[in-house]
1. Could you work out how much longer the chain between Arg149 and Thr101 gets when fully extended? Use 0.36 nm per residue separation minus the Cα distance between them, nm to one decimal.
2. Applying a 10 Å radius around every beta-carbon, put 94-107, 33-46 in order of their mean neighbour count, most first.
Amino acid sequence: MSRFNYCALVLFLLGTTSTSAQSSTAEPSTNGPNRDLTFQLVWLIESDDANRIEYDGAARAGLSEQGFDRLVPAGSAMAPISVGEGVSVRGDSRYGQMSVTTSMLNTTEPDEVQVRIELKTTNQSPVSIQTSTRVPLGRWFLVGAADSRVGIPLHADDGKRSVVIMKVQRGPILLD
């Protein structure tokens, strides 16, 4: 190999290495793994009782599209969670007790986590949901629904449902 060809080969290899290094640093990844998240969970009940405040949150249109009638809030839970760890929240409302245990893992898709959730209500018509699913961050999704007589007067028709929806977002909710 002549000295000229050797120099050209070295310059070509240096140029290729430099270009590869530049292209990998020119597009920094903004989608690293999630570390801390916050979840919001809302327990809703179908109710014709005009004395109860109707749920009109961001998920109302989607719930209507899925065939859910007039919904009233029955309870809610919210907590920060570190990815890979678990969290448990329990509370009481006029409709009974609700306990939620959940954990979350990162997935290979950006802006998505795997949620494992166990929810139980204790009242005259208990609901129990245990599921695991992948969900997008920042979007409301249906955790589950079941027939329920919670909050329905004794003379009311059967067929009302208890519905649980959830949203997961990045980071803890800061209040200052």
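1. Values: separation 48, 0.36 × 48 = 17.28 nm, distance 2.35 nm.
Extending this stretch completely gives an extra 14.9 nm.
2. Averaged packing, sorted descending, gives the order 33-46, 94-107.
Read-outs throughout are calculated quantities, based only on the coordinates presented, and are distinct from any laboratory measurement. Everything numeric here is computed off the predicted structure, so don't read it as measured data. We place every Cβ from the backbone using ideal geometry, glycine too, and count neighbours over all the protein chains shown.
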